[in-house]
Amino acid sequence: GENVEQHPSTLSVQEGDSAVIKCTYSDSASNYFPWYKQELGKRPQLIIDIRSNVGEKKDQRIAVTLNKTAKHFSLHITETQPEDSAVYFCAASKTITGNQFYFGTGTSLTVIP
Amino acid sequence: DSGVTQTPKHLITATGQRVTLRCSPRSGDLSVYWYQQSLDQGLQFLIQYYNGEERAKGNILERFSAQQFPDLHSELNLSSLELGDSALYFCASSPDGLAYSSSYNEQFFGPGTRLTVL
């Protein structure tokens, strides 16, 4: 089955700096890669996603890059703000076989004011 | 609010007992997914139903079972509970679990059911 690894497990940055979280996946057939943000005690919420036919996607301060050859994808958050503090999960799925998500182990991001 | 509802919010029970968790997907979503979130295991996929039929199984124990009813709500049954089953159980729904279109692949998570086994 799919195996998703995520690094780092914890990340602290100063407000205004950038944060980068990296994930690797094992199944070359995976074609959909969402990123979820989970605040303490709350549900995971999608912040950005990317499909395998796209190399990069950006939404305001958030961007995701995908390298299919190397089987890794990264989340980039620029101009970080205290409200960006949360746990971030990457995931990989194969939409043609049901779209079940295989999640990374999460990154706890702390933005220091 | 994602539109996905889960009941109950909290559940406290004893080892050996059986519980049922309930999930109502967003209106129109055909796929329901169950995930278990524990401190040491992260978010783990358990099982998926699509329009009433089981579509995929993940790391679901034999003591656990699920079903999706004609009105598309789903129930996750956990039996012979052990201390290690204590976790947050999330249900998620998406419009179509097979479509090759990003608009159909996003999964919307419910608020979760926190299960504590004593």
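The values are calculated or read from the model by the stated rules, or taken from the named source; none is laboratory data. Values in this document were obtained by computation on a predicted structure and should not be read as measured data. Every residue, glycine among them, receives a Cβ derived from its backbone with ideal geometry; neighbour counts consider all protein chains shown.
The rows are residues; the columns are (1) of a type in the set (D, E, K, R); (2) farther than 28 Å from A:S108 by Cβ; (3) free of Cβ contacts under 8 Å to residues at least 12 places away in the same chain.
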{"residue": "B:G3", "(1), (2), (3)": "no, no, no"}
{"residue": "B:G28", "(1), (2), (3)": "no, yes, no"}
{"residue": "B:F45", "(1), (2), (3)": "no, no, no"}
{"residue": "B:E53", "(1), (2), (3)": "yes, yes, no"}
{"residue": "B:E62", "(1), (2), (3)": "yes, yes, yes"}
{"residue": "B:L76", "(1), (2), (3)": "no, no, no"}
If I ask for residues that are modelled with pLDDT under 95 and closer than 21 Å to A:P113 by Cβ, which ones from the range A:64-86 would you list? none
Listed residues A:L75, A:L66; which is within 14 Å of the chain's Cα centre (by Cα) and under 17 Å from A:D17 (Cα atoms)? A:L75
Residue list for the range A:41-56, filter: within 19 Å of A:Q6 (Cα to Cα) and within 12 Å of chain B (Cβ to nearest Cβ): A:P44, A:Q45, A:L46, A:I47, A:I48, A:D49, A:I50, A:R51, A:S52
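Restricting to the range A:96-111, count the residues that are in contact with a helix residue (DSSP H, G or I) (Cβ under 8 Å, 6 or more places away or on another chain) and at pLDDT below 95. Walk me through how you get there before you give the answer.
First, pick out the residues of the range A:96-111 that are in contact with a helix residue (DSSP H, G or I) (Cβ under 8 Å, 6 or more places away or on another chain): A:99, A:109, A:111.
After this cut, where a residue has to be at pLDDT below 95 as well, the list is A:99.
Counting residues in the range A:96-111 that are in contact with a helix residue (DSSP H, G or I) (Cβ under 8 Å, 6 or more places away or on another chain) and at pLDDT below 95 gives 1.
Taking A:S26, is it in contact (Cβ under 8 Å) with a residue 12 or more places away in the chain and either touching an Asp or Glu at 6+ places or on another chain (Cβ under 7 Å) or among the aromatic types (F, W, Y) (or both)? Step through it out loud before you land on a result.
On the way: in contact (Cβ under 8 Å) with a residue 12 or more places away in the chain: yes; either touching an Asp or Glu at 6+ places or on another chain (Cβ under 7 Å) or among the aromatic types (F, W, Y) (or both): yes.
Criteria met by A:S26.
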Quick check on the range A:8-26: of everything there that is more than 14 Å from A:D84 (Cα to Cα), surrounded by 16 or more Cβ atoms within 10 Å (Cβ to Cβ) and not β-branched (V, I, T), which residue is farthest from the other protein chains (Cβ to nearest Cβ)? A:K22
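What strands (runs of 3 or more DSSP E), lying completely within chain B, carry at least 1 residues that are loosely packed, with under 15 Cβ neighbours inside 10 Å, within 14 Å of chain A (Cβ to nearest Cβ) and out of contact with any strand residue (DSSP E or B) (no Cβ under 7 Å at 6 or more places or on another chain)? Even if it seems obvious, please write down each step before you answer.
Details: elements: B:5-7, B:10-13, B:19-24, B:31-38, B:42-50, B:53-57, B:64-68, B:74-78, B:87-94, B:113-117.
Output list reads B:53-57.
Any residue in the range A:89-102 that is among the small types (G, A, S) and under 22 Å from B:D1 (Cα atoms)? Break it down stepwise before answering.
Let us first name the residues in the range A:89-102 that are among the small types (G, A, S), namely A:91-93, A:98.
The next check asks that each one be under 22 Å from B:D1 (Cα atoms); those that pass are A:91.
The answer is yes; a qualifying residue exists.
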Considering the range A:87-105 alone, what residues qualify as being at the interface with chain B (Cβ under 7 Å from one of its Cβ atoms), more than 16 Å from B:V32 (Cα to Cα) and touching an Asp or Glu at 6+ places or on another chain (Cβ under 8 Å)? A:T105
